Amino acid sequence: MTNVTIVTGGSRGIGAATSKLLAGYGHAVCVNYVSNADAANTVVAEIEAAGGKAMAFKADMASEAEIVAMFEACEKQLGPITGLVNNAGINGNRKRVEELTPGEIQALLNTNVMGCMICAREAIKRMSTKHGGQGGAIVNVSSGSANIGNPGIGVLYATSKGALNSFSIGLSQEVAAEGIRVNVVAPGMTRTDMPGADRIAEQAKKIPMGRVAEPDEVAEAICFLLSDKASYIAGANIRVGGGRP
């Protein structure tokens, strides 16, 4: 049976690296995006040029209807879903807590927390042996900021990732007996377009290895947790942080 995996936020950065690496390991991949269709289509084209199978699908992680439509389209085009990588997330406005508006708080939580939970819900409905599925794996992409806190610039973002960590602990136990393994990868600062070059250079000085992660390095950890090599790993949180706690 072919592995079919949805990668949310799969058009750029860690998501793009994960999509391409999974395809190289034989997965058919649904590359989710919300605004950059060109980037998503480029990832799909690269996968197909290498002999893999992929599709791009636009869905906002803050929209339940769009998430459900994505799962239905993926299943129809690629086959039964066996994996989910909850990678999509937004930074939100870099502000102190007292400067945040309710709208800003809600918008970030809708994408970073609710979107992940709705995606997991839809994956479980399809993968759980309780619902007639064949099992599968979910990897939630968190962040080391959940431990660090990001004072002054990103307490809200860190809070959302802390919520994702807690969600993963409970969910991993809830579905373990139904053939679904749930784990977390928590990257440190990674060389993507999300943080910006100045912040990357600044943060590299705080990392014991002396550099930030490359997207492929994080993707390898994600792919490992989706693979049969991780068949007895559930509820784990793998820190990919270059030695930074």
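Inspect the stretch 193-200 for any residue being under 16 Å from ALA88 (Cα atoms), in contact with a Leu (Cβ under 6 Å, 6 or more places away or on another chain) and not acidic (Asp, Glu) and give the result as yes or no.
So in the stretch 193-200, the residues under 16 Å from ALA88 (Cα atoms) come out as 193-195.
Subset that is in contact with a Leu (Cβ under 6 Å, 6 or more places away or on another chain): none.
Taking every residue of the stretch 193-200 in turn, none turns out to be under 16 Å from ALA88 (Cα atoms), in contact with a Leu (Cβ under 6 Å, 6 or more places away or on another chain) and not acidic (Asp, Glu).
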Considering only helices (runs of 4 or more DSSP H) fully contained in the stretch 1-116, which possess at least 3 residues that are in contact with a Cys (Cβ under 9 Å, 6 or more places away or on another chain)? 13-24, 64-78
Out of the stretch 150-164, which residues are at pLDDT 95 or above, over 12 Å from the mean Cα position of the chain (by Cα) and not aromatic (Phe, Trp, Tyr)? VAL155, LEU156, ALA158, THR159, SER160, GLY162, ALA163
Condition first: surrounded by fewer than 22 Cβ atoms within 10 Å (Cβ to Cβ) and on the phi > 0 side of the Ramachandran plot. Can you find one or more residues in the stretch 153-162 that meet it? no
Considering only residues of the stretch 210-245 that are part of a strand (DSSP E or B) and modelled with pLDDT of 95 or more, which is nearest to ASP193 (Cα to Cα)? VAL240
Could you list all residues from the stretch 65-97 that are under 16 Å from ARG126 (Cα atoms) and either in contact with a Leu (Cβ under 7 Å, 6 or more places away or on another chain) or surrounded by fewer than 20 Cβ atoms within 10 Å (Cβ to Cβ) (or both)? VAL68, ALA69, GLU72, ALA73, GLU75, LYS76, GLN77, GLY79, PRO80, GLY83
Can you run down the residue pairs with Cβ atoms below 9 Å, 6 or more apart or on separate chains, where the first is in the stretch 29-56 and surrounded by fewer than 24 Cβ atoms within 10 Å (Cβ to Cβ) and the partner is of a type in the set (A, V, I, L, M, F, W, C) and part of a loop (DSSP other than H, G, I, E, B)? VAL34/ALA59; VAL34/MET61; VAL34/ALA62; VAL34/ALA88
Output the number of the condition that HIS131 fails; it satisfies all remaining conditions of (1) more than 18 Å from VAL218 (Cα to Cα); (2) touching a Cys at 6+ places or on another chain (Cβ under 8 Å). (2)
Answer from ALA17, ALA50 - the residue that is among the hydrophobic types (A, V, I, L, M, F, W, C), at pLDDT 95 or above and more than 16 Å from the chain's Cα centre (by Cα): ALA50
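The values are calculated or read from the model by the stated rules, or taken from the named source; none is laboratory data. No experiment lies behind these values; they were computed from the predicted model shown. Please note: Cβ atoms are built from the backbone with ideal geometry, for glycine as well, and neighbour counts cover all protein chains shown.
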